[in-house]
1. From the residues in the stretch B:22-56 that are hydroxyl-bearing (Ser, Thr, Tyr) and more than 7 Å from every other protein chain (Cβ to nearest Cβ), which one is farthest from the chain's Cα centre (by Cα)?
2. Got a sec? Which of A:534, A:465 is under 32 Å from the mean Cα position of the chain (by Cα) and in contact (Cβ under 8 Å) with a residue 40 or more places away in the chain?
3. Of everything in the stretch A:194-207, what is outside any helix (DSSP H, G or I) and surrounded by 14 or more Cβ atoms within 10 Å (Cβ to Cβ)? Give them in sequence order.
4. Does any residue in the stretch A:504-530 that is among the acidic types (Asp, Glu) come within less than 9 Å, Cβ to Cβ, of a residue that is surrounded by 14 or more Cβ atoms within 10 Å (Cβ to Cβ) six or more places away or on a different chain, and which pairs are these?
5. Which ones in the stretch B:70-84 are facing chain A (nearest Cβ under 8 Å) and under 21 Å from residue A:755 (Cβ atoms)?
6. Given A:202, A:180, A:184, which one is more than 19 Å from the chain's Cα centre (by Cα), outside the structural domain of residue A:270 (by TED's automatic domain parsing) and over 30 Å from residue A:58 (Cα atoms)?
7. Restricting the stretch B:85-143 to residues that are touching a strand residue (DSSP E or B) at 6+ places or on another chain (Cβ under 7 Å) and of a type in the set (Val, Ile, Thr), which is nearest to the other protein chains (Cβ to nearest Cβ)?
8. Out of the stretch A:694-725, which residues are in contact (Cβ under 8 Å) with a residue 40 or more places away in the chain, away from chain B (no Cβ under 14 Å) and in contact with a helix residue (DSSP H, G or I) (Cβ under 8 Å, 6 or more places away or on another chain)?
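The values are calculated or read from the model by the stated rules, or taken from the named source; none is laboratory data. Quick caveat: nothing in here was measured; it's all calculated off a predicted structure. Here the Cβ positions follow ideal geometry from the backbone for every residue, glycine too, while neighbour counts run over all protein chains shown.
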Amino acid sequence: MLLAVLSGFLLAAAVPWLYKLLQGRINWALALLPAGLTVYFASFMPEIAAGDQVLVSYNWIPSLDIQLSFLLDGLSLMFALLISGIGTFILLYAGSYLHGDRDLPKFYIFILAFMASMLGLVLSNNLISLFVFWELTSITSYMLIGYHHEQLKSRKSALQGLLVTVGGGMALMAGLILMGSVAGTYEISEILNNGDVIRDSGLYTGILILILIGTFSKSAQVPLHFWLPNAMAAPTPVSAYLHSATMVKAGVYLLARLNPSLGETELWHTILPLFGALTMFTGMFLAYRSTEIKKILAYTTLMALGTLTMLIGIGTELAIGAAMTFLLAHALYKASLFLVAGSLDHSTGTKDITKMGGLARIMPITTYAAILAALSMAGIAPLFGFIAKEMLFEAVLESNYLTSFLLVLTVATAMLGVAIGGVIALRPFFGARKETPSKPHEAPFAMWIGPATLATLGLLCGLLPFLPERGILSAAVTSVYGEYESFYLTLWHGFNLPLMLSIASIAVGVLLFFGWDAIRARLLWLDKVFAYGPERGYEKALDGMNWTAQWQTRVLQNGYLRYYLLTILATLIGLVGYTLFTGYEPRLLFDFVGVQFIEAVIAILIVLAAVVAATTHSRLGAVVSVGVVGFGVALVYVLFSAPDLGITQVLVETLTVLLLVLVLFRLPEFLDLSSTAARMRDAVVAVAVGSLFTLLLLTATELQLHDPISQFFVENSEPEGHGRNIVNVILVDFRALDTLGEIFVLALAAIGVYAMIKFRAEEYKK
Amino acid sequence: MTSMPSLILSTAARVLLPLLVLFSIFLLLRGHDLPGGGFIGGLVGASGYTLYLFAFDSSAARAALRMDPRTMVGLGLVIATLSGVIGTFVRGEPFFTSQWWEVYVPIFGEMKLSSPLIFDLGVYMVVLGSVMTIVLTLAEAEE
């Protein structure tokens, strides 16, 4: 299981080599991994459908109750299958869609890492590891949205997505930690059985609100929805994968996952349906107003996310059943539609749906996929989307809170849905042929296999609904709702209210479809109103932050090394001095007993060298005297039996002198620029820092606040670390994680120097 | 770098470079018990190559290094990180739990191989690679 989750990361690391080896055909090789994962997860289906769970746990940071543990039950299995299954087609598709792109290897690296993070997220059984994977999806999606990094719009959209989701992630982290501390464990499987403890605690409202901020930002609920349509700046396969089938559903996943422990309260039953229904309607309404095919699809994704949030909020067994059915139906048709949109864009050179027409003859397979998927979205029988919609109506009718409000919005959304489904299925493919920027052609195999397969699956699930129900949906409902009494998915429910609502929505939807152009033109004035939406708030906040950053940069980062030093040292004097004089008793007891001659000589040497460095008029002289100070310190280390420190100091000094020599000749001539007053000020600061630290050291040697940790290292170095050199054992064993961080910093510094000197942005643009 | 490379310096550098590299590896290997380790070893190695750079020029130093120092940095980071997960995969223990193996090497007899040593090798490569990246970049800017 661990390997299944991590395989994506490992393969991502191997991409550069594979790319050299396979070039353009690499997508076929890479797609084998998600395909294999799909088979692997599918092999658990009988077991999970029978009501079992698979739990695997690895120790990660056991001292903090953080495990790398995975839980495979109905819910996580359904997500895992969607992620790896759709991922297979996405990889195939991308190889063809982005064929010959310079950054293609990067794309594969990020999308594989994303897939692995997403798998980790849905399989995690520990709140902390879930959060880590959660953030990883935000970061990898940032890379993917900003894939066309030469374009300002891409970078801006990527940053917006990142800031919104990561900002929400902060709230989520606080919520998860609160929940973990209330429940007394971070293991999700245990928390789910402790729902009452959390619901009864005084922190429940806080936990719920924090977690909702996190999930709403990730799943783009109103008013945090604005990042999602902008994320369409990403290449189409990314939009298809992240922004329809997987990442945005992470928030919904978490809500469903935590339903047993957070749900079933009045707060839950009101907030979720309220925001969900608003998002649902807003999304569909905005979709109806758009003409760019990717924008339309992005807004319908908002609709889907809102619907799912609403259904989970309603929380009856039927509603959860409807949510799981809708989730599956949506993943199938939306991924398929996005890929179709990519093929259309690729083939015609435009994204504007009003500029396409009569493509059915030229692109028969794409047309087939588009029609099936769009009808499923519109909720027309016998497609799977129809079953989902019937259940949606039924669940809303049965809800206990806000019933009429939810019903009105749901029906209105369904009407618009029919119209939009019609627009996508019919507009580009039928009617008169229109001139397009490039000559249209059928998509290649790698690009039609995905949409065609997924759309056909949507049809199969509609015709044979017991297959998805027995196979996965029943188990998924069990893990969210706790129990499951068969609700028998079926196309024919008899003449009842949901069917009436369906018929009514189709009738109105057809009218809306024919009036699409006319109504859209009438709604143009809304643009001005929307300019004051939540996105404007985001822009303002960002501007404010930039302004503050610029202001403090002007003040603090003034570009003069001498002022940097002055600021740092003055702050140091202020903070350390304040603490030292208010909190402790400074001691000024010089004790020269036991000082050896050689030590005194070294000390005097260091002082003299420092004085020379500060007063000399020769730059080379200054470099040499600073070197003398360094070597003097190294000698002190050696005298007090710290050979490792001594050697390191000597080597660092040597290299510093060498580096200085390299840059010495590039510096301008030595000049006396500073006034006497400025020098006096510097001297005062220097003497103050020196005295303060002398005082600090003298005080610190007298004071023992805690038992020193060094004793532990001395005692355990040999038995535990198998080494006699304590410094080294600390570096590579006891504190290896710190060292790892340090070498990463070192590497960054090297890259920084390299980039500053070598990299020219103009050379990058070919 | 300088217009006239000194004969003494270049002859010395030719001899000193292999010695210093050997010494740096020696420091790396003995680090666990005696003064040394990846950090110090990497710095000694870097000073050897830097000496070579001063005696000849940057392209000669690059050639002597055999590997692009930037690649070395990356490889070092990968090795150091992977050494931490050995325990996780082999025994299911937390990240960076050290693993020890006794290895029999024909002439030298029993040797201790461990994940901390592999980690230290990563540190060695990162230190050597980083310092050489900086030095070579600066030197090439000079030329």
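1. Step by step, filter the stretch B:22-56, then rank; the result is B:52.
2. A:534
3. Of everything in the stretch A:194-207, those that are outside any helix (DSSP H, G or I) and surrounded by 14 or more Cβ atoms within 10 Å (Cβ to Cβ) turn out to be A:194, A:201, A:203.
4. Here the result reads A:517/A:354; A:527/A:289, each pair linking the stretch A:504-530 to a residue that is surrounded by 14 or more Cβ atoms within 10 Å (Cβ to Cβ).
5. B:70, B:73, B:74, B:76, B:77, B:78
6. None of the other options fit; the residue is A:202.
7. The selected residue is B:88.
8. A:695, A:696, A:699
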